[in-house]
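The values are calculated or read from the model by the stated rules, or taken from the named source; none is laboratory data. Since we're looking at a predicted model, the values are computed, not measured. Here the Cβ positions follow ideal geometry from the backbone for every residue, glycine too, while neighbour counts run over all protein chains shown.
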């Protein structure tokens, strides 16, 4: 049986604070959760992360583990020192976490022996929830079905309230909807990470949204008032005369709603009319003659 470096599993140092360990665990639990992860070894990694967190989040278990790790290196063959189980149990540092069957033999050899099963709190669940961009502008109620997450549990459907103004990567916490605790313990929480479904008009960056807007060459050159879609309806926008391709028009406060709302950026895309028919070709030729223009002048080209 190999000695496990729980600090290495969570990517923290042995002097990491409790908050550092909590942040590292939540990040990795989201990354490897089997319901959302595309990593090939997600399930094994998820179990390893949960096991490491079970030890390092508890001050007494962490102190006991640190005592052992001072004489051990990751990967070395490990056996608990003589009398370890008796001394550990007499000190009161008994295992009170999730069912030890889901953890490794290494964990069980240290904390499993005469484990008390009066778990004080079940583990948290981390999952991802996809919503439409419009849901962030209006708020919504969504039904979410959780698969079987633990032996003895069954799938369940929850109603989730999507608050107005939730943003990409934001989190919704549902207290008591995580893993059940053994005995009379308190269930863990469910943390939902928000992501937006692809939208046919908009893409999102933080609280800002972006719309690619096609305009004709004459609208860009002469200026125009055009109608654009927004997540909540139509809006008239003025295109300034002389607008170039790729220019961004900023509509302040029209992005994701919040105390400090995001903005809506209209990105100008100059669309060229076709030149298939003789009439279309003549129109282009007449324009070239009436308004000579060399876009390559700054390259030193004369034609």
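Can you pull out the residues in the stretch 15-34 that are surrounded by 14 or more Cβ atoms within 10 Å (Cβ to Cβ), modelled with pLDDT of 90 or more and part of a loop (DSSP other than H, G, I, E, B)? If the condition is that a residue be surrounded by 14 or more Cβ atoms within 10 Å (Cβ to Cβ), modelled with pLDDT of 90 or more and part of a loop (DSSP other than H, G, I, E, B), then 16 is the only one that fits. In summary, residue 192 fulfils each of the numbered conditions (1) within 27 Å of residue 27 (Cβ to Cβ); (2) assigned by TED's automatic domain parsing to the domain that holds residue 283; (3) in a strand (DSSP E or B) with the single exception of condition (2). Of the residues making up the stretch 264-272, one or more are modelled with pLDDT under 95 and either out of contact with any strand residue (DSSP E or B) (no Cβ under 8 Å at 6 or more places or on another chain) or within 28 Å of residue 170 (Cα to Cα) (or both). Here 54, 85 are screened, and the one residue that is modelled with pLDDT of 80 or more and either surrounded by fewer than 16 Cβ atoms within 10 Å (Cβ to Cβ) or not assigned by TED's automatic domain parsing to the domain that holds residue 186 (or both) is 54.
If I filter the stretch 36-43 for residues that are without any contact (Cβ under 8 Å) to a residue 12 or more places away in the chain, over 23 Å from residue 106 (Cβ atoms) and assigned to a helix (DSSP H, G or I), do I get at least one hit? No, the stretch 36-43 has no match at all. Here residue 178 fulfils each of the conditions (1) assigned to a loop (DSSP other than H, G, I, E, B); (2) surrounded by fewer than 17 Cβ atoms within 10 Å (Cβ to Cβ); (3) touching a strand residue (DSSP E or B) at 6+ places or on another chain (Cβ under 7 Å) apart from (2).
Is there a residue in the stretch 118-138 that is out of contact with any helix residue (DSSP H, G or I) (no Cβ under 7 Å at 6 or more places or on another chain), at pLDDT below 65 and surrounded by fewer than 16 Cβ atoms within 10 Å (Cβ to Cβ)? Yes, the conditions are met somewhere in the stretch 118-138.
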